[in-house]
Amino acid sequence: PPTPAMTPPPTAGQLAEFTGSYWSDEAEVMLDADLENGALVLKRRPDTVIALTATDRDTFRGSIGAVTFRRDASGKINALSVKQDRVWDLRFQRR
């Protein structure tokens with residue numbers, strides 16, 4: 001079954017810390033996390049926009065699969081990983 005959305009959902013202010021550009025050497029793809037109408041989305045050039053729904057503090061789901069934002073020892077977001085059917089931990093480093 002699908003993972004339920006986080007209740008209450010995060011505010012736009014809370015989501016702002018996830019925004020930024022993330023690069024994967026393995027996939028050679030850049031994803032841009034951005035806010036649109038108060039919601040977090042991932043953008044991939046030229047025109048792909050993936051809406052994300054929070055399921056936990058640092059985990060979201062969307063058509064790309066499960067997206068988990070990773071934090072360093074100080075709590076700052078420094079990467080994200082994507083998990084879907086045959087992909088277990090595709091890493092994207094924050095730029």
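The values are calculated or read from the model by the stated rules, or taken from the named source; none is laboratory data. No experiment lies behind these values; they were computed from the predicted model shown. Please note: Cβ atoms are built from the backbone with ideal geometry, for glycine as well, and neighbour counts cover all protein chains shown.
Which condition number in (1) loosely packed, with under 14 Cβ neighbours inside 10 Å; (2) of a type outside the set (Asp, Glu); (3) in a loop (DSSP other than H, G, I, E, B) is the one that residue 10 fails?
Of the numbered conditions (1) loosely packed, with under 14 Cβ neighbours inside 10 Å; (2) of a type outside the set (Asp, Glu); (3) in a loop (DSSP other than H, G, I, E, B), the odd one out for residue 10 is (1).
Name the one entry in 73, 16 that is at pLDDT 95 or above and under 17 Å from residue 95 (Cα atoms).
Answer to the check: 16.
Take region 55-78 and flag every residue that is among the hydrophobic types (A, V, I, L, M, F, W, C) and over 9 Å from the mean Cα position of the chain (by Cα).
Within region 55-78, 64, 73, 77 qualify.
Hey, among the residues in region 45-65 that are in a loop (DSSP other than H, G, I, E, B) and of a type in the set (A, V, I, L, M, F, W, C), which one's farthest from residue 84 (Cα to Cα)?
Among them, the one singled out is 52.
So that you can scan it fast, the table gives a plain yes or no per residue for (1) of a type in the set (Asp, Glu); (2) assigned to a strand (DSSP E or B):
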{"residue": "32", "(1), (2)": "yes, yes"}
{"residue": "41", "(1), (2)": "no, yes"}
{"residue": "67", "(1), (2)": "no, yes"}
{"residue": "75", "(1), (2)": "no, no"}
{"residue": "78", "(1), (2)": "no, yes"}
{"residue": "93", "(1), (2)": "no, yes"}
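Against the condition loosely packed, with under 13 Cβ neighbours inside 10 Å and among the charged types (D, E, K, R), how does residue 85 come out, does it pass?
Judged against the criteria, residue 85 is a match.
In a strand (DSSP E or B), over 23 Å from residue 11 (Cβ atoms) and out of contact with any helix residue (DSSP H, G or I) (no Cβ under 6 Å at 6 or more places or on another chain): is that true of residue 83 in this structure?
Against the criterion (in a strand (DSSP E or B), over 23 Å from residue 11 (Cβ atoms) and out of contact with any helix residue (DSSP H, G or I) (no Cβ under 6 Å at 6 or more places or on another chain)), residue 83 qualifies.
Considering every residue within region 47-68, establish whether at least one is surrounded by fewer than 17 Cβ atoms within 10 Å (Cβ to Cβ), of a type in the set (D, E, K, R) and over 18 Å from residue 12 (Cα atoms).
yes
Please identify the pairs in which a residue from region 17-44 that is farther than 16 Å from residue 81 by Cβ and surrounded by fewer than 13 Cβ atoms within 10 Å (Cβ to Cβ) has its Cβ atom under 8 Å from the Cβ atom of a residue that is at pLDDT below 95 and small (Gly, Ala, Ser), counting only partners at least 6 apart or on another chain.
38/12
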